[in-house]
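Beneath this line is the structure, given in structure tokens, with notes to follow.
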Amino acid sequence: MTTQACTLEAPADAFDSFASVTAASVCELVSRARGGDSEAWDELVERYAPLIWSICRKHRLGHADADDVAQSVWLRLVDQLDKVRDPAALPGWLATTARRECLRVLGLAHGPHAAMYADVETLPDERLGLAEQGLLMAERQAALREAFAQLPRCGQELISMLIADPPLPYADISAKLGIPVGSIGPNRSRYLSKMRRHPAIAALINA
């Protein structure tokens, strides 16, 4: 069994740490952060900082401007944290807010000529293409991590073994998890279907 069985078509790197994932779901982290848990807030920042950075790179911002955007995004989240109705959609909210902040920074830098820089996706720049790939990967990784974290522990263990490199034979998976070989396929389909229904994954599929 290989990662090709996953119809989400996620990059292999997105699954590298799934076997050791024990982090709380974004819903739990948001709830704890609302209650003043600094560790939960730090984990949110660590988890989604790469997403914000990738968006800044996509808009060709320098380090100073990217830092400004990141700070603004997190400050906005602090202000809006109690108003987030669907914590599972937080990655999308952060991405949208980061894009708006990038355009704000570009507008401040270029004044009346800002429109030239707003539609950065039309620029024939090889580096922009790499940044776009980085953005998509970061968004997929964040969404996959959230959906994976929502699976029960037995589901996390099964999916982790199914995407292991090199692949594990079904007989080995059966022995390690204590489940019949014939149940592996149906359980895999059920857990992947549950991941696809997660709001973060659904947002990527429907984008």
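Would a scan of the stretch 76-96 turn up a residue that is more than 26 Å from residue 201 (Cα to Cα), assigned to a helix (DSSP H, G or I) and either over 19 Å from the mean Cα position of the chain (by Cα) or modelled with pLDDT of 85 or more (or both)? Looking through the stretch 76-96, none of the residues is more than 26 Å from residue 201 (Cα to Cα), assigned to a helix (DSSP H, G or I) and either over 19 Å from the mean Cα position of the chain (by Cα) or modelled with pLDDT of 85 or more (or both). Checking 171, 142 one by one, the residue that is out of contact with any Cys (no Cβ under 8 Å at 6 or more places or on another chain) and at pLDDT below 90 is 142 and no other.
Scanning the stretch 52-65 for residues that are over 19 Å from the mean Cα position of the chain (by Cα) and part of a helix (DSSP H, G or I) gives 63, 64, 65. Within the stretch 46-94, track down each residue that is over 17 Å from residue 29 (Cβ atoms) and hydrophobic (A, V, I, L, M, F, W, C). Of everything in the stretch 46-94, those that are over 17 Å from residue 29 (Cβ atoms) and hydrophobic (A, V, I, L, M, F, W, C) turn out to be 53, 55, 56, 61, 64, 66, 69, 70, 75.
Could you check the stretch 152-189 and list, in sequence order, the residues that are closer than 30 Å to residue 48 by Cβ and without any contact (Cβ under 8 Å) to a residue 12 or more places away in the chain? 152, 153, 189 - these are the residues of the stretch 152-189 that are closer than 30 Å to residue 48 by Cβ and without any contact (Cβ under 8 Å) to a residue 12 or more places away in the chain. Within the stretch 154-168, the set of residues being charged (D, E, K, R) and modelled with pLDDT of 85 or more comprises just one member, 157.
No other residue among 151, 136, 130 is modelled with pLDDT of 90 or more and among the aliphatic types (A, V, I, L, M) apart from 151.
The values are calculated or read from the model by the stated rules, or taken from the named source; none is laboratory data. It should be emphasised that the depicted structure is a prediction, and the values quoted were computed from it without experimental measurement. Backbone-built Cβ (ideal geometry, glycine too); neighbour counts: all protein chains shown.
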